[in-house]
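In what follows, a single structure is set out as structure tokens and then discussed.
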Amino acid sequence: MDEESGDSGDTGRLLLAGGARNTCCAMGVLERFVQLAGGDHAQVTLVTTAAGVPDQVRAEYDRVFRKLGVSSTRELRVRGRGDADSNEAVAALRGATGIFFSGGNQARLRALVGSRLNDELIRRRSAGVVIGGTSAGATAMGATMILSGNGAGAAALTVRTAPGLGLLPGVLIDMHFAERGRLPRLISAVALNPDHIGAGIDEETAILAEGHSFEVIGTGVVTVVDGQDATVVHPAGDHDRITMFGARVHLMPAGCVFDTDQRTASTGPDHSAAGLRQA
């Protein structure tokens, strides 16, 4: 990234959701996103790069955003690195008060990593623009993103990672967490990247990150895995299990706050869950 892209992308606000059964089920998170982006005056750019059927995804989000009072939604569809480095892609972010990444396949978002568009995203966040994402769109926000993986135990082959967009440095995001049994995958990712905090976000749940902390909102739980002080023994083969002692796990429902600088969890006023349940 160029020298003008900002310090580390840790200012501004990020609203990252663990996914939902459909866009309508995610309305509570989207309502919070719209509020942060300016309510009726929100100017939203929807990034559909991760989506398999972008036209359908755009139509669904347009309908929900209109229901939430947003009259201006602009789609940004990046098909490859050439698009991500184009003047048109960068211009699509300017003037937006909110930028939202749809779900889909996070591997498609690799085209954005290190691009001019990536630099502009970091600048927009530092300027106070709220950036949101759900499912694949949330996973890509860290400096490292989880691409794929499954398995019943912690092993190198349980997870595959790649560089992410760097908007939430030091945090590995996983999604659809409890619903798809992804604790082994997140533990494996943290064991392989012990300087990172792992955050597994359930469906209908999100984290609101600002500065060096994030708050949990929604009806589910965020599972935080911290391996900073853990002892990790990596096996000789990728199929063999990783040995890990002393890792910390936090289960955080709505209202809880995690300080990513101090690596501490705390409880807080549970105002967010109620707001999403009423949406």
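Ser188 passes every criterion in (1) under 28 Å from Leu121 (Cα atoms); (2) of a type outside the set (D, E, K, R); (3) not in a loop (DSSP other than H, G, I, E, B) apart from (1).
Of the residues making up segment 133-140, not a single one is more than 18 Å from Ala84 (Cα to Cα) and modelled with pLDDT under 95. Answer yes if at least one residue in segment 20-39 is out of contact with any Leu (no Cβ under 8 Å at 6 or more places or on another chain), among the aliphatic types (A, V, I, L, M) and at pLDDT below 95, and no otherwise. Yes, segment 20-39 has at least one match.
Residues checked against (1) farther than 26 Å from His176 by Cβ; (2) among the acidic types (Asp, Glu); (3) at pLDDT 95 or above; (4) not in a helix (DSSP H, G or I):
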residue: Thr49; (1), (2), (3), (4): no, no, yes, yes
residue: Val90; (1), (2), (3), (4): yes, no, yes, no
residue: Gly114; (1), (2), (3), (4): yes, no, yes, yes
residue: Asn118; (1), (2), (3), (4): no, no, yes, no
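Ile146 fulfils the conditions (1) closer than 30 Å to Thr243 by Cα; (2) in a strand (DSSP E or B); (3) at pLDDT 95 or above except for a single criterion, (3).
Please determine whether any residue of segment 102-112 is in contact (Cβ under 8 Å) with a residue 12 or more places away in the chain, touching a helix residue (DSSP H, G or I) at 6+ places or on another chain (Cβ under 9 Å), part of a strand (DSSP E or B) and surrounded by fewer than 24 Cβ atoms within 10 Å (Cβ to Cβ). Scanning segment 102-112 turns up no residue that is in contact (Cβ under 8 Å) with a residue 12 or more places away in the chain, touching a helix residue (DSSP H, G or I) at 6+ places or on another chain (Cβ under 9 Å), part of a strand (DSSP E or B) and surrounded by fewer than 24 Cβ atoms within 10 Å (Cβ to Cβ).
Residues that are without any contact (Cβ under 8 Å) to a residue 12 or more places away in the chain and within 24 Å of Arg21 (Cα to Cα) occur in segment 66-84; there is at least one. Scanning segment 151-177 for residues that are surrounded by fewer than 17 Cβ atoms within 10 Å (Cβ to Cβ), hydrophobic (A, V, I, L, M, F, W, C) and part of a loop (DSSP other than H, G, I, E, B) turns up just one, Ala152. Select from segment 216-232 the residues that are closer than 17 Å to Ala254 by Cα and of a type in the set (Ser, Thr, Tyr) and write down the one among them that is modelled with the highest pLDDT. The selected residue is Thr223. Only one entry of Ala138, Ala199 meets the criterion of being crowded, with 23+ Cβ neighbours inside 10 Å, closer than 18 Å to Ile122 by Cα, touching a strand residue (DSSP E or B) at 6+ places or on another chain (Cβ under 6 Å) and in contact (Cβ under 8 Å) with a residue 24 or more places away in the chain, and that entry is Ala138.
The values are calculated or read from the model by the stated rules, or taken from the named source; none is laboratory data. Predicted, not measured: the structure shown is a model, and the values here were computed from it. Because the Cβ atoms are built from the backbone with ideal geometry, glycine has one as well, and the counts that use them run over all protein chains shown.
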